[in-house]
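Asker: Take a look at the following structure, please.
The values are calculated or read from the model by the stated rules, or taken from the named source; none is laboratory data. Computed from a predicted model, the values in this text were never measured in an experiment. Reconstructed Cβ throughout: ideal geometry from the backbone, glycine too, with neighbour counts over all protein chains shown.
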């Protein structure tokens with residue numbers, strides 16, 4: 001038994017009454033009863049039928065509250081956590097990451113506020129751009145690390161295929177373009193559905209409902225969405241703790257996208273401005289100040305998670321000496337060899353239709 005398990009076993013000797021538990025966590029006794037009715041907690045009962053709450057109950061309540069912050073209903077949370085023990089180690093790690101991120105965002109907001117105060121004190125005027133930047137920090141609209149962690153948790157859970165009307169699948173067949181750039185083809189064949197992302201092999205999607213499907217080769221799901229008129233006009237790919245929307249496009253548009261990519265691959269043509277963008281991105285990460293505005297929302301969320309790790313890796317590599325374009329991958333990513341003082345890194349990335357970095361991959365070269 002590891003140290004964490006020992007601590008849990010010892011701590012289970014401590015019990016709280018309903019009033020004590022509610023007071024310490026910031027809930028009401030009524031809320032505890034509600035969570036119990038949903039099967040989220042199962043407090044111990046005394047001979048007089050009084051409820052007692054132990055460490056496992058408090059841990060599960062912490063887990064439930066984290067999921068509620070993501071907007072999940074109690075019934076959805078009950079389904080998600082059914083039959084699963086609370087992973088305290090992961091829960092603590094997640095909360096630590098959230099607190100670090102909150103502190104970082106607060107510090108960034110304070111820098112902006114103090115800069116605006118300095119402008120006003122010096123007789124200057126605050127511009128609309130200044131106020132927009134402040135509003136973004138105030139609202140904290142970036143995808144948070146706790147949301148990503150819990151979505152990964154949900155996406156990785158075991159799933160069971162259900163029987164649906166095969167004719168429904170025909171509505172979903174067609175071509176889509178993900179917001180971060182790649183095309184996605186949905187193929188209906190023999191009453192089954194297959195998914196093919198540009199440059200990747202075709203894989204089968206299995207139904208969870210008449211509008212949601214899951215993949216078995218990777219922990220990912222796809223939800224098809226209909227317009228007010230009942231036409232399937234978009235989908236959402238749920239993967240890596242993030243939601244990747246894709247709009248439906250015509251077959252002719254899909255052919256144009258594929259032809260343009262084939263030409264870039266054949267001619268080894270980098271995306272316009274990709275060299276300068278890569279150099280700027282590397283410089284930002286080396287300074288510990290990534291420009292999240294240059295990234296898609298999904299990539300920005302991932303970059304926030306990995307910011308410290310990337311900065312440390314780049315610090316070990318030393319100064320940047322050379323950037324060499326190698327070609328375009330089958331998925332449409334520009335591939336570069338980046339030479340540093342103490343090593344070479346293969347740096348790949350893809351641009352979204354609006355010019356932001358939609359995805360990024362780093363790996364050391366031997």
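Asker: Are any residues in region 274-314 outside any helix (DSSP H, G or I) and farther than 21 Å from residue 332 by Cβ, and if so, which ones? Working first, answer last.
Answerer: Initial filter on region 274-314 (outside any helix (DSSP H, G or I)): 287-291, 295-296.
Scanning region 274-314 gives 287, 288, 289, 290, 291.
Residue-by-condition table, conditions (1) surrounded by fewer than 16 Cβ atoms within 10 Å (Cβ to Cβ); (2) free of Cβ contacts under 8 Å to residues at least 60 places away in the same chain; (3) not in a helix (DSSP H, G or I):
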site: 160; (1), (2), (3): yes, yes, yes
site: 164; (1), (2), (3): no, yes, yes
site: 167; (1), (2), (3): yes, yes, no
site: 170; (1), (2), (3): yes, yes, no
site: 175; (1), (2), (3): no, no, yes
site: 185; (1), (2), (3): no, no, yes
site: 193; (1), (2), (3): no, yes, yes
site: 196; (1), (2), (3): yes, yes, yes
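Asker: Let me ask another. Taking residue 141 as meeting all but one of (1) surrounded by fewer than 18 Cβ atoms within 10 Å (Cβ to Cβ); (2) modelled with pLDDT under 90; (3) outside any loop (DSSP other than H, G, I, E, B), write down the number of the exception.
Answerer: Answer for residue 141: the failing condition is (3).
Asker: Determine if region 199-210 includes at least one residue that is within 24 Å of residue 301 (Cβ to Cβ) and buried (at least 17 other Cβ atoms within 10 Å of the Cβ). Working first, answer last.
Answerer: Within region 199-210, the subset within 24 Å of residue 301 (Cβ to Cβ) is 199-200.
When the remaining residues are screened for being buried (at least 17 other Cβ atoms within 10 Å of the Cβ), the result is none.
No: region 199-210 contains no residue that is within 24 Å of residue 301 (Cβ to Cβ) and buried (at least 17 other Cβ atoms within 10 Å of the Cβ).
Asker: Quick one: would you say residue 308 is over 29 Å from the mean Cα position of the chain (by Cα) and free of Cβ contacts under 8 Å to residues at least 24 places away in the same chain?
Answerer: On the way: over 29 Å from the mean Cα position of the chain (by Cα): no; free of Cβ contacts under 8 Å to residues at least 24 places away in the same chain: yes.
No, not satisfied.
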